[in-house]
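One structure is given below, encoded as structure tokens.
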Amino acid sequence: MSTRSSSPSLGTFAPSTTNTTTTSSTDASTSSGESVRSTPNFPVSPVPPNPLGEGRHIKTAAALIIGWVHAYVIQALSNIIHCLPLLSVLNASGHEQRWDGVGRDEILNGKTMDSNSHVFAHFCFQHGIDLKRIEVIPDDEGEIIEAARRLSSKFDLVITSGGIGPTHDDITYASLAKAFNTPLVHHPETIRRMKIMNKHRKWATLQNQEQKTATLRMALFPESAEVIFVHPEMWVPVVRLNGNLCIFPGVPGLFRGMLHSLADFIPLPPKSERPSRIQIFTDRAESLIAPYLTRLQERLRPHGIQVGSYPVLYKGVFVSLIGRDLAPTNSESQGDRVCLTEIAKEVEREIGGRVLSEEEVRQKKLAAEGGSTWRPGSPTGSFKLEQEKTAEGANTSSATSSESEKESVGVKANL
């Protein structure tokens, strides 16, 4: 893979001329002589042309999680499946499953787990985008190339998460450059912003030449890519290839902030096409309400309403109704359109449940997510759910997590 320096305009959208302040990240001195940095204010890029064509918007999406990420994958996916009942997830061998672990080597071997898929799924649901795939691949160039080409050819929006740091296993940019037959080039504007952000950091001033070269790998992009600066406080851009494949860092905080900022730069569906969700909770067993829900889904399928059932161990069942209409319009008769709120009232009656607000749903799920303890002496051999975290245990976990986060962020330079 050849590399060379790029001119500032090559493969990039120049910073918006409406914001002429390149940065306010200046260093002030305290009475003790220590350097204090202010928040940067980099100009963001202008909105690029619509890659789908004028008047068209994103309808389908996929995620390719190949970078350094952490949090909780199985719980995250179990929390979002209710809003994406048709979501398809592939494991590393390519076999399709209802849901599965998502990630790269650290995730596939159980070292770390993923939350970015959860964030992206929620983003898609909020904006009315059908998320079709979350794929599991290791740090393997061939697999990245194959998956990127296939997903980019099938869906309107594809995101990758992670693998863009300075270390040997960060191969996302290089692999994607090969996937789309383009060389790698250093991006001067990204390097400039990176240096501004790092100039107050002691470790940056102590780097030897080898370490500096490794750092610059984070600004080594595929030449044909669009480089879109989406956030005024971040030097990391969203790098877009083939018009629809957007490359993100794996660190959850960066991923989340950049994803939500990207919303201003891509052709999202109009609000009229965004779905609504109503959730009903019942303490009845899922097997008791299953026949009714099956009949209900068959009746509502022609109207584009999805019915989901999501049990909470020994607590009850959440029933989810997802559709794009909350009420019939004046121009349509009641027979032409199904009203989601009326269906919810019917479900309440049939399953002995109650419609919950989003906050009530959140509180119920938090209450149900206490530690699971196996009681081998129990006559029934069942799990007993209980809140296991003592104050001491919670503090220890928090401190360990904090130290681990600091170490990882330092190594990966926030990528």
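The values are calculated or read from the model by the stated rules, or taken from the named source; none is laboratory data. Not measured: the values here are computed from a predicted model. Note that we place each Cβ from the backbone using ideal geometry, even for glycine, and neighbour counts take in every protein chain shown.
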request  = Report, ordered by the first and then the second residue, all pairs with beta carbons closer than 6 Å, sequence separation of six or more or different chains, a first member in the stretch 275-301 that is part of a helix (DSSP H, G or I), and a second member that is of a type in the set (Asp, Glu).
outcome  = Tyr292/Glu350
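In the stretch 316-326, how many are touching a residue at least 60 places away in the same chain (Cβ under 8 Å) and either under 14 Å from Ile289 (Cβ atoms) or not aliphatic (A, V, I, L, M) (or both)? Break it down into steps so the answer makes sense when it comes.
First pass over the stretch 316-326, keeping only residues touching a residue at least 60 places away in the same chain (Cβ under 8 Å): 318, 320, 322, 324.
If we keep only those that are either under 14 Å from Ile289 (Cβ atoms) or not aliphatic (A, V, I, L, M) (or both) as well, we get 318, 320, 324.
Qualifying residue count for the region: 3.
Please list, ordered by residue number, the strands (runs of 3 or more DSSP E) wholly in the stretch 192-268 having 3 or more residues that are within 18 Å of the chain's Cα centre (by Cα).
Numbers: elements: 220-222, 226-228, 238-241, 245-248.
Fully inside the stretch 192-268 and qualifying: 238-241, 245-248.
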key: Yes/no for Ala225 being in contact with a strand residue (DSSP E or B) (Cβ under 7 Å, 6 or more places away or on another chain) and at pLDDT 95 or above   = yes
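Does Leu268 satisfy the condition of being touching a Phe, Trp or Tyr at 6+ places or on another chain (Cβ under 9 Å), aliphatic (A, V, I, L, M) and surrounded by fewer than 23 Cβ atoms within 10 Å (Cβ to Cβ)? Spell out how you get there, then give the answer.
Details: touching a Phe, Trp or Tyr at 6+ places or on another chain (Cβ under 9 Å): no; aliphatic (A, V, I, L, M): yes; surrounded by fewer than 23 Cβ atoms within 10 Å (Cβ to Cβ): yes.
The answer is no for Leu268.
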query = Given the residues Lys132, Lys178, Lys154, which is the only one that is more than 23 Å from Val251 (Cβ to Cβ) and within 14 Å of the chain's Cα centre (by Cα)?
reply = Lys132
query = Mind checking which residues of the stretch 124-136 are in contact with a Leu (Cβ under 6 Å, 6 or more places away or on another chain) and more than 16 Å from Ala147 (Cβ to Cβ)?
reply = Cys124, His127
key: Verdict on Ile144 being outside any helix (DSSP H, G or I) and in the same structural domain as Ala63 (by TED's automatic domain parsing)   = no
task = Given the conditions (1) touching a residue at least 40 places away in the same chain (Cβ under 8 Å); (2) under 30 Å from the mean Cα position of the chain (by Cα); (3) over 24 Å from Lys365 (Cα atoms), report the number of the one that Gln306 does not fulfil.
result = (3)
query = Among (1) within 30 Å of Ile322 (Cβ to Cβ); (2) touching a strand residue (DSSP E or B) at 6+ places or on another chain (Cβ under 8 Å); (3) hydrophobic (A, V, I, L, M, F, W, C), which single condition is Val119 missing?
reply = (2)
